[in-house]
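These notes are about the structure you will find just below.
The values are calculated or read from the model by the stated rules, or taken from the named source; none is laboratory data. No experiment lies behind these values; they were computed from the predicted model shown. Quick reminder, even Gly has a Cβ in these numbers, built from the backbone with ideal geometry, and neighbours come from all protein chains shown. Just so you know, the surface numbers come from the protein's heavy atoms only, side chains and all, with ligands and any DNA or RNA stripped out. Shrake-Rupley method; radii C 1.70, N 1.55, O 1.52, S 1.80 Å.
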Amino acid sequence: MCSTTNDLLIWLKALHEYRILSKESYRSLIEPIRLRNGTKLFYAKGLVNFSNYGNVEIGHSGYIPGFVSITQYFPKEDLYLICLINTSGLLGVNHFTNKINWKILKRKISKPIPLDFDNKMIEGIYSGKIGGEKLSLQVSVNTNKVILTNVQNQKTDTLKTYIGNNTWMNRNDVITIKNGMYKFNSEYKYYCLKLD
C-alpha cells in the first residue's frame, strides 16, 4: 500500500466526521472492547481509543520491515497527527509524534497516592502464557513501592504510581493486581497472570 500524509488526513477527517460510516457504525468502530471480566481494553475494532496522558486518542500504528506509521486523532482538540517513516530505525514513530504532541497538548501525569490495602495480599508469583511463552513475575512490596521481578531473566521493574483500587499507572499502561490476578492493559497488549 502507498499513501501520503495528505491522503491519510483526508481519509481520517472523512472517517471521524461520519462521512464514511454512520454515527452508530463509527461509535461501534471506536468503542473499546470490554472483556467478560469487565476489563475495558484500549483497543477497539482496529483502532486504539485510550487516554494518552489524559488526552483521548483514537489511532493506529503499523510496522512492516522498512516502514512504520502512526495516525493519531485527538477529538477534544480536533488534532490529527500522522507520521510515515520509510525506515524501521531505533526511535520509532512515537518518538517523532510525541515531540509534537507534548508541545501542543498538556501531558497529564497521574499523581501517586499511598497504598490503601494490605500489601501482603498481592505478594507472590504470578504466571501465565503471553504469545505462547511462559511469563512468571515475582511481586513484592517494599514500603510504598511494588517491585516486579521476571522469574525467567531476573529483570526488575518498580510500579511507583499507585492510583487506587489496586491499580498502578506506568506511563500509559495500567496494571491491576487484585483477587489473585495480575492484569496488564496497554495500547496494543492485554494479558492476565494468575497467582501460583
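Being among the charged types (D, E, K, R), outside any loop (DSSP other than H, G, I, E, B) and without any contact (Cβ under 8 Å) to a residue 24 or more places away in the chain is the filter here; which residues of region 164-193 pass it? Before you say what the answer is, go through the steps one by one.
Of the residues in region 164-193, the ones among the charged types (D, E, K, R) are 171, 173, 178, 183, 187, 189.
Now drop any that are not outside any loop (DSSP other than H, G, I, E, B), which leaves 173, 178, 183.
Across region 164-193, the qualifying residue is only Asp173.
Considering only residues that are among the polar types (S, T, N, Q), under 19 Å from Asp7 (Cα atoms) and open to solvent by 30 Å² or more (accessible area, probe 1.4 Å), which ones fall in region 28-85?
Here is the first cut: in region 28-85, the ones among the polar types (S, T, N, Q) are 28, 37, 39, 49, 51-52, 55, 61, 69, 71-72.
Among the residues that remain, those that are also under 19 Å from Asp7 (Cα atoms) are: 61, 69, 71-72.
Of everything in region 28-85, those that are among the polar types (S, T, N, Q), under 19 Å from Asp7 (Cα atoms) and open to solvent by 30 Å² or more (accessible area, probe 1.4 Å) turn out to be Ser61, Ser69.
Report yes if some residue within region 87-99 is in contact with a Cys (Cβ under 6 Å, 6 or more places away or on another chain), open to solvent by 50 Å² or more (accessible area, probe 1.4 Å) and touching a residue at least 12 places away in the same chain (Cβ under 8 Å); otherwise report no.
So far as region 87-99 goes, yes, one or more of its residues are in contact with a Cys (Cβ under 6 Å, 6 or more places away or on another chain), open to solvent by 50 Å² or more (accessible area, probe 1.4 Å) and touching a residue at least 12 places away in the same chain (Cβ under 8 Å).
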Candidate set: region 1-12, residues that are touching a residue at least 24 places away in the same chain (Cβ under 8 Å) and part of a loop (DSSP other than H, G, I, E, B); chosen: the one surrounded by the most Cβ atoms within 10 Å (Cβ to Cβ): Ser3
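Any residue at all in region 125-135 that is hydroxyl-bearing (Ser, Thr, Tyr) and farther than 30 Å from Gly180 by Cα? Spell out how you get there, then give the answer.
The first filter runs over region 125-135 and keeps only residues hydroxyl-bearing (Ser, Thr, Tyr), leaving 126-127.
Filter once more, so that each one left must be farther than 30 Å from Gly180 by Cα: none.
Within region 125-135 (the criterion being hydroxyl-bearing (Ser, Thr, Tyr) and farther than 30 Å from Gly180 by Cα), the answer is no, since none of the residues qualifies.
Output the residues belonging to region 127-147 that are in contact with a strand residue (DSSP E or B) (Cβ under 8 Å, 6 or more places away or on another chain) and more than 21 Å from Tyr188 (Cα to Cα). Explain how you work it out, then say what you get.
Just the residues of region 127-147 that are in contact with a strand residue (DSSP E or B) (Cβ under 8 Å, 6 or more places away or on another chain), to begin with: 127-130, 134-141, 144-147.
Listed by number, the residues that qualify are Gln138, Val139, Ser140, Val141, Asn144, Lys145, Val146, Ile147.
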